[in-house]
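The values are calculated or read from the model by the stated rules, or taken from the named source; none is laboratory data. Since the model is a prediction, treat every value here as computed from it, not as a measurement. Glycine also receives a Cβ, built like all others from the backbone with ideal geometry; neighbour counts cover every protein chain displayed. Only protein heavy atoms, including side chains, enter the accessible area calculation; ligands, DNA and RNA are left aside. Shrake-Rupley method; radii C 1.70, N 1.55, O 1.52, S 1.80 Å.
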Amino acid sequence: MRALVTGGAGFIGSHLIDRLVARGENVVVLDNLSSGDLAFIQHHLDTGRATLVEGDLCSLEDVMGAMALGIDTVYHLAANPDIRLGTRVTDTDLRQGTVATYNVLEAMRLHEVKRIAFASSSVVYGEGAPMPTPEHHGPCMPISLYGASKQAGEGLISSWVGTFGLQAYIFRFANIIGARGTHGVIFDFIHKLKADPTRLEVLGNGLQEKSYMEVGDCVDAILHVMDHSDAPLNLFNLGSHDTASVRQIAEIVVEVTGCTNAAIEYTGGDRGWAGDVPKAMLAIDKMLATGANVRMNSAEAIRHTAKVLLEEIGLE
Ligand code: NAD
């Protein structure tokens with residue numbers, strides 16, 4: 001078995017590789033290291049269980065090169081991780097999301113690789129969807145450029161399933177958090193407190209409410225669902241049982257960092273930035289019905305993440 005993990009040097013990708021290697025699989029990592037970190041996978045590169053192809057998904061040639069190494073399953077995780085960037089730069093998600101996904105699928109077609117898992121997101125549902133949101137909710141109307149690229153990626157994958165006989169797993173992730181996180185609200189809060197332990201600026205009014213899933217739970221669920229669901233096109237929400245507000249996150253991070261005198265200041269408004277969906281909770285019944293497990297609820301995942309990221313980042 002040889003898997004290709006695009007974005008394998010990133011946060012979620014590196015945890016997925018830990019699991020794949022533990023299952024005895026060999027892994028090819030295709031990553032341009034734009035937001036990933038070689039240190040996350042160095043242990044597998046050293047043992048030879050993972051091979052790095054440093055390349056850009058925007059280049060079909062680079063993707064073809066990685067796909068030529070005898071791949072049976074592609075885990076397509078590479079993407080621009082910064083949803084907010086779309087408020088300033090309007091073609092990043094189109095290139096790093098939509099075109100990159102096309103290149104992955106086209107290289108799979110040309111190399112006759114038949115199985116793909118795709119990291120999509122809850123943001124495809126847009127705003128105002130019923131909560132918890134089931135997979136069959138529609139129409140999906142994303143409100144961020146990142147969300148549009150995820151929806152486009154899903155559409156391309158579905159069309160490759162229908163036209164070229166691919167088998168696909170589309171996973172719509174909640175907010176995934178944990179060790180090796182390099183972005184997101186907990187990471188930002190720790191960096192802000194590191195710069196100034198006396199105050200913590202929170203974007204929005206703090207009432208934004210989303211569900212948070214620990215990264216170990218996420219990658220275990222990916223592999224479990226793939227082992228237990230065998231349709232040509234498999235669509236699954238991956239999340240935890242509940243939600244947490246940004247206010248709760250700020251309070252947990254202040255407590256865990258020991259910056260208990262920090263004044264928590266809210267910038268106001270119902271969302272962090274234009275295109276942010278202020279409230280999101282995924283229905284996870286379908287995932288649970290496969291027997292997949294979620295060990296941590298949102299608050300537990302947040303506390304765990306604050307602790308491990310504090311160790312990784314440090315306050316000094
Ligand atoms: P990440 O930034 O840690 O990982 C992305 C990886 O992709 C990085 O290693 C980066 O260097 C690589 N990459 C980016 N563009 C590339 C390109 N053009 N060519 C080659 N490599 C490229 O992000 P993550 O949080 O691990 O996210 C992984 C996937 O999960 C992404 O597709 C993201 O959109 C999706 N997702 C993440 C979350 C979350 O909460 N973290 C939620 C929903 C969906």
- request: Find the residue count for region 134-153, including only residues that are within 15 Å of the ligand (Cβ to nearest atom), without any contact (Cβ under 8 Å) to a residue 40 or more places away in the chain and not hydrophobic (A, V, I, L, M, F, W, C).
  value: 2
field: Flag if LEU235 is open to solvent by 20 Å² or more (accessible area, probe 1.4 Å), assigned to a loop (DSSP other than H, G, I, E, B), touching a strand residue (DSSP E or B) at 6+ places or on another chain (Cβ under 9 Å) and closer than 30 Å to THR90 by Cβ
entry: no
message: Let me spell it out: the conditions are (1) under 22 Å from GLY275 (Cβ atoms); (2) within 15 Å of the ligand (Cβ to nearest atom), and LEU52 meets all of them except one. Which number is the exception?
response: (1)
message: I need every pair where a residue in region 14-39 that is free of Cβ contacts under 8 Å to residues at least 60 places away in the same chain and more than 17 Å from THR73 (Cα to Cα) has its Cβ under 6 Å from the Cβ of a residue that is open to solvent by 20 Å² or more (accessible area, probe 1.4 Å) and within 13 Å of the ligand (Cβ to nearest atom), sequence separation at least 6 or different chains.
response: ASN32/ASP56
- prompt: Pick from region 34-53 the residues that are in a helix (DSSP H, G or I) and in contact with a strand residue (DSSP E or B) (Cβ under 7 Å, 6 or more places away or on another chain): which of them is least open to solvent (accessible area, probe 1.4 Å)?
  reply: HIS44
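Mind telling me which of the residues ARG303, ARG271 ends up being out of contact with any helix residue (DSSP H, G or I) (no Cβ under 9 Å at 6 or more places or on another chain) and surrounded by 14 or more Cβ atoms within 10 Å (Cβ to Cβ)? Steps first, please.
On the way: ARG303 fails: out of contact with any helix residue (DSSP H, G or I) (no Cβ under 9 Å at 6 or more places or on another chain).
Being out of contact with any helix residue (DSSP H, G or I) (no Cβ under 9 Å at 6 or more places or on another chain) and surrounded by 14 or more Cβ atoms within 10 Å (Cβ to Cβ) holds for just one of ARG303, ARG271, which is ARG271.
Do we find that ILE143 is in a loop (DSSP other than H, G, I, E, B), open to solvent by 20 Å² or more (accessible area, probe 1.4 Å) and either hydrophobic (A, V, I, L, M, F, W, C) or at pLDDT 95 or above (or both) in this structure?
Values: in a loop (DSSP other than H, G, I, E, B): yes; open to solvent by 20 Å² or more (accessible area, probe 1.4 Å): yes; either hydrophobic (A, V, I, L, M, F, W, C) or at pLDDT 95 or above (or both): yes.
Taking the combined requirement at face value, the residue satisfies it.
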message: Residues to consider are ASP242, ASP230; find the one that is under 17 Å from ASP285 (Cβ atoms), assigned to a loop (DSSP other than H, G, I, E, B), more than 17 Å from the chain's Cα centre (by Cα) and charged (D, E, K, R).
response: ASP242
- request: Scan region 66-84 for residues that are open to solvent by less than 40 Å² (accessible area, probe 1.4 Å) and either free of Cβ contacts under 8 Å to residues at least 40 places away in the same chain or away from the ligand (no atom under 12 Å from the Cβ) (or both) and jot them down.
  value: MET67, ILE71, THR73, VAL74
- prompt: Listed residues THR98, THR87; which is of a type in the set (Val, Ile, Thr), crowded, with 18+ Cβ neighbours inside 10 Å and assigned by TED's automatic domain parsing to the domain that holds SER229?
  reply: THR98
message: I'm checking my understanding of the structure. Among residues of region 8-33 that are among the small types (Gly, Ala, Ser) and more than 6 Å from the ligand (Cβ to nearest atom), which one is most open to solvent (accessible area, probe 1.4 Å)?
response: ALA22
